[in-house]
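The values are calculated or read from the model by the stated rules, or taken from the named source; none is laboratory data. What you see is a predicted model, and the numbers here were worked out from it, not measured in a lab. Surface accessibility is based on the protein's heavy atoms, side chains included, excluding ligands, DNA and RNA. Shrake-Rupley method; radii C 1.70, N 1.55, O 1.52, S 1.80 Å.
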Amino acid sequence: MFTYFKMKKNEWKIRNAIYNSILGFMKNKQDIVNTAKKLFDSVKDMSGDEIRNEFIGKLAEIVHEESKRQRNNKETEKISGK
């Protein structure tokens, strides 16, 4: 009898983990859908060229900032003697 209750307890733990995973996925899915809707609403009045130019500009800005951050990290490591 003790084994039965122990098995049921483990079964509830597994079910809880599965249900929480499903709920987490559904919440993330809704966030992705909301983000996609906002993105579409923000660009629906723009032409394809404007969207491409804006995307390329933002991408270049992100790459530039990332390279600056990596360069600063390398310089910090050289100064600290790592």
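Overview of results
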quantity: Integer Hz, Karplus 6.51/-1.76/1.60 couplings in order for the range 36-49, x for Gly and Pro; calculated: 5, 5, 4, 4, 4, 4, 6, 10, 5, 9, 9, 7, x, 5
quantity: Heavy-atom surface of the chain, accessible at 1.4 Å and reported per residue (Å²); calculated: 97
quantity: Computed over the range 1-56, the ratio Rg/Rh where both radii use C-alpha atoms and Rh is Kirkwood; calculated: 1.50
quantity: Residue-wise HN-Hα coupling along the range 18-33, computed from phi with Karplus coefficients 6.51, -1.76, 1.60 (Hz; x: Gly, Pro); calculated: 5, 5, 5, 5, 5, 4, x, 4, 5, 5, 5, 4, 5, 4, 5, 5
quantity: Difference of contour (0.36 nm per residue) and Cα-Cα distance, E50 to M1; calculated: 10.6 nm
quantity: Protein accessible area in the chain, 1.4 Å probe - carbon and sulfur %; calculated: 61
quantity: For the range 57-63, 3J(HN,Hα) per residue [Karplus equation, 6.51 cos²θ - 1.76 cosθ + 1.60, θ = phi - 60°, Hz, x = Gly/Pro]; calculated: x, 5, 5, 4, 5, 5, 5
